[in-house]
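The values are calculated or read from the model by the stated rules, or taken from the named source; none is laboratory data. Only a predicted model underlies this, so the values are computations on that prediction, with no experimental measurement involved. Ideal geometry is used to build each Cβ from the backbone, glycine not excepted, and the neighbour counts take in all protein chains shown.
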Amino acid sequence: MSIIQIDALPDLISKVTWGPQKHLLVSSWDTKLRLYSVSHDNSRQVTEVSASSPILDCCWGDNGVAFTGGLAGVVEAIDLQAGELLSIGQQHADAISSVVCDAGNNLIVSGSWDKNLQFIDARGGFGNKDSSMMIPTAGKVYTMDKATNSNYVVCGLGNRQIHIYDIRNMGQVFQRRDSSLKFMTRKVRSMPDGKGYANTSIEGRVAVEWFDPSPEVQAQKYAFKCHRAKEPDAQGRIEVHPVNGVAFHPATPAFFTGGSDGVVYCWDGKQRRRLKQYPHMPTSVMGLDVDSTSGDMLAIACADDSFKENPNGALAKSSLHVRFLDGEGL
């Protein structure tokens, strides 16, 4: 087992996501979308493309195309090989916080702070604004995810709402739920088997839930505390941290969480227990992703989020790391 630093970036990393052939896609607030080729002995940046605004999320499409959404409220399709960029769909009235792609149906979904979801049918050709549909939501969209083999898009909205959409019937909400966590949703992540999801909060908690509404399946859901100080401070308070990242292992019940405390944990989702606490990262952990093809690499995005408490302070550089999970016994 080992961990390596792939790169140091000048601005906050917003997303890390693995694609084909050990390629890692990384988006950042500096408007750059970067692609890395990763291996034990040779990791390098393959390409870098500038989007039209700071990027808040990115996802993989087919045939070497990636999609981004950012502060300008525009979804952009990027040909990673040619370095070409094209705006698609309609422009949101506010920033796009999340984008997901259902490659099998040529569908891209964008979620925005303007309280809308946009469904873009890419079969009509990129740039065709008539191929998209805006759907109002009950609140700002802060986070969103979809498993590759699932029809369900999970959306974390304001006011602790979780809305689930079925891509086969996009005009209405499939399920409406209130988060079982007391504080604002930070991240949602779909299980690889498409049967459920995890959602995290800004207050050091994680919930694991299933889509099947039957009582026997719903009885399996659970939540737990994490990313908290072990001992109280001088005032008797326990410091708690946002859980910014969650990622499932593709072949085992294990999943990982990362928080603003700079710690990555590995959990056994079946036995509901902690398996590992990894050494502290240099700054806050802002994002995680496990290679879905082999499950042997964990990408870790780190950034200095102290600006939330000290907006005028100097920030450390962001850093991109990969932990090799060989021999972890997951």
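Odds and ends about this structure:
- Number of residues in region 68-95 that are within 18 Å of the chain's Cα centre (by Cα) and among the hydroxyl-bearing types (Ser, Thr, Tyr) equals 1.
- Scanning region 6-47 for residues that are of a type in the set (S, T, N, Q), touching a Cys at 6+ places or on another chain (Cβ under 9 Å) and touching a residue at least 60 places away in the same chain (Cβ under 8 Å) returns Ser14, Thr17.
- Residues that are in contact with a Pro (Cβ under 9 Å, 6 or more places away or on another chain) and farther than 28 Å from Phe119 by Cβ within region 24-70 comprise just one, Asp30.
- Remark: Ser131 matches the filter, which requires a residue to be in contact with a Gly (Cβ under 7 Å, 6 or more places away or on another chain), modelled with pLDDT under 95 and not aliphatic (A, V, I, L, M).
- Residue in region 107-128 that is surrounded by fewer than 22 Cβ atoms within 10 Å (Cβ to Cβ), touching a helix residue (DSSP H, G or I) at 6+ places or on another chain (Cβ under 7 Å), closer than 19 Å to Val188 by Cα and of a type outside the set (S, T, N, Q) present: no
- Taken over region 156-172, the residue count meeting the criterion of being within 15 Å of Lys140 (Cα to Cα) and surrounded by fewer than 16 Cβ atoms within 10 Å (Cβ to Cβ) is 2.
- Matching residues in region 152-211 - criterion: being in a loop (DSSP other than H, G, I, E, B), over 18 Å from Val243 (Cβ atoms) and not acidic (Asp, Glu): Ile167, Arg168, Met170, Gly171, Gln172, Val173, Phe174, Pro192, Gly194, Lys195, Phe211
- Qualifying residues in region 279-330 (those that are acidic (Asp, Glu) and crowded, with 17+ Cβ neighbours inside 10 Å) - the one modelled with the highest pLDDT: Asp289
- Conditions (1) exposed (fewer than 12 other Cβ atoms within 10 Å of the Cβ); (2) in contact with a strand residue (DSSP E or B) (Cβ under 6 Å, 6 or more places away or on another chain); (3) among the acidic types (Asp, Glu): number failed by Glu209: (1)
- Pick from region 96-117, criterion of a type in the set (Gly, Ala, Ser) and more than 16 Å from the chain's Cα centre (by Cα), ranking: farthest from Tyr142 (Cα to Cα): Gly104
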